[in-house]
Amino acid sequence: MTATDTPATGTRTSDAAVVVRDLTKTFGATRALDGFSLAVPRGQVTGFLGPNGAGKSTALRILLGLLRADAGGAEVLGMNPWTQAVQIHRRLAYVPGDTNLWPTLTGGEAIDVLTRGERSAAHRRRRDELIERFELDPTKRSRTYSKGNRQKVSLVAALSRDVDLYVMDEPTSGLDPLMEAIFTDEVSRLRADGRTVLLSSHILAEVEKLCDTVTIIRAGRDVESGTLTELRHLTRSTVAATTTADPARLAAIDGVHDLVAELGRLRFDVDDAAVPAVLPVLTAMGATGLTVTPPSLEDLFLRHYGDDLAQTAPGEEP
């Protein structure tokens, strides 16, 4: 690949640790990826967001060299993940969403196996620090571990390594809120050190706190990519205020949606481009207690998946 702009984010390929272009992957009659593109800029945390069944895990398995794409191209650290997987894995740490361990090994022994290429004193210190932070007992057999403790083993192994890229697929699965906070702190530390992280998740708050850029995947396609600020421009802010004035002037503004006026309280959604037109009208109406709430990542997520999720039967994976 030459140093051109990627279709997903506009990031130059020479500045990206991971570049994916128009990936397609089918399993029988199911198309898991349908022209999917992604760029992971170096030195940033990139969120990869989508519900179960959207194609996240398939894309990650291709990047790890575990699956071969039917069409399209992918580069990880400048290498082909299918033909150069061994070289890539020396420079990459991976955390799966569901960690399976060797049942007869202790947690500490499993970490040693997973980090067998790391034997420096700095690595041992980092390993011990992470074991303490995640409150993991490394002397217990893996077969006695809960899902959360198995996940801790994977996190300790990955975070203790000094590599160029960290790939995490639902990394906080099974962790309690305290451990999730520790994880957030550790990823923030990686970002501060200029490390590159690809974080796949369906936990919106996790992505919103940690990620510099986000790619949303739906039905195997990248539907939106960019910084959180850029993505927020794609949806609407919520405005609330107190006023007894007639709201008809507001309702007439192009970009105002779902206006509700009850008992002196106004609430409506407004396109970002319409906010400058709305504020003078609210001032003229004598509005008080004004709040303008920008959209959260959850709002963006529901914009892309709301119809799909509404049609999903209870207990059925979207």
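The values are calculated or read from the model by the stated rules, or taken from the named source; none is laboratory data. The model shown is predicted, which means the values in this text are computed figures rather than measured ones. All Cβ positions, glycine included, derive from the backbone under ideal geometry; neighbour counts span all protein chains shown. Note: areas computed on protein heavy atoms with side chains; ligands, DNA, RNA excluded. Shrake-Rupley method; radii C 1.70, N 1.55, O 1.52, S 1.80 Å.
Per-structure values
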read-out: Cα Rg over Rh - the stretch 128-272, Kirkwood; value: 1.17
read-out: Value of relative contact order over the chain, rounded to a whole percent, pairs C-alpha under 8 Å and six or more apart; value: 19 percent
read-out: Highest to lowest packing among 160-172, 288-300, 74-86, scored as the average C-beta count within 10 Å; value: 160-172, 74-86, 288-300
read-out: Point-to-point label distance, ASP212-ASP15, nm (Cα→Cβ direction, 7 Å offset); value: 0.9 nm
read-out: Qualifying lysines (Cα of each under 25 Å from Cα of LYS209; at least 8 residues distant if same chain); value: LYS56, LYS147, LYS152
read-out: Nearest-0.05 FRET efficiency for ARG119 and ASP258, computed from C-beta distance (R0 41 Å); value: 0.10
read-out: Pairwise Cα inverse-distance average, inverted: Kirkwood Rh of the stretch 1-141 (Å); value: 17.2 Å
read-out: For the chain, built as a Gaussian network whose Cα springs stay under 10 Å, the top-fluctuating residue of ARG218, ARG125, ARG236; value: ARG125
read-out: Most fluctuating residue given options ASP254, ASP34, ASP22, as computed from a GNM of the chain linking Cα atoms under 10 Å; value: ASP254
read-out: With every protein chain in place, the chain: carbon and sulfur % of accessible area (1.4 Å); value: 49 percent
read-out: Whole-number percent relative contact order across the stretch 197-296, with pairs defined as alpha carbons under 8 Å at least 6 apart; value: 28 percent
read-out: Theoretical ellipticity at 222 nm over the chain - DSSP helices of four or more residues, -39500 (n - 2.57) apiece, nearest 500; value: -9500 deg cm²/dmol
read-out: Antiparallel DSSP beta bridges within the chain, as percent of all bridges there, nearest 5; value: 70 percent
read-out: Angle in degrees between helix 297-310 and the longest Cα principal axis of the chain, rounded to the nearest 10; value: 90 degrees
read-out: Relative contact order of the stretch 14-114, pairs being alpha-carbon contacts under 8 Å that are 6 or more residues apart, as %; value: 26 percent
read-out: With eigenvalues of the C-alpha gyration tensor scaled by 5 and rooted, the stretch 231-304, Å; value: 22, 12, 10
read-out: Point-to-point label distance, SER146-LEU105, nm (Cα→Cβ direction, 7 Å offset); value: 2.3 nm
read-out: Interchain or long-range residues, amide H under 5 Å from LEU101's placed H; value: none
read-out: Top of PRO247, PRO96, PRO138 by mean-square fluctuation, Gaussian network on the chain, Cα under 10 Å; value: PRO247
read-out: The stretch 177-226 - convex hull of the alpha-carbon atoms, volume per residue in Å³; value: 80 Å³
read-out: Relative intensity, log₁₀ I(q)/I(0), of the stretch 193-280 from a Debye sum that treats every alpha carbon as a point, q = 0.15, 0.22, 0.26 Å⁻¹; value: -0.72, -1.03, -1.27
read-out: Spacing of the two label points (7 Å from each Cα toward its C-beta) at VAL281 and ARG90, in nm; value: 6.3 nm
read-out: Per residue value of the accessible surface for the chain (all protein chains in place, 1.4 Å probe), Å²; value: 48 Å²
read-out: From the C-alpha gyration tensor of the stretch 105-185, square roots of 5λ in Å; value: 18, 16, 11
read-out: Cα-based radius of gyration of the chain once divided by 2.2 N^0.38 Å, which approximates compact folds; value: 1.17
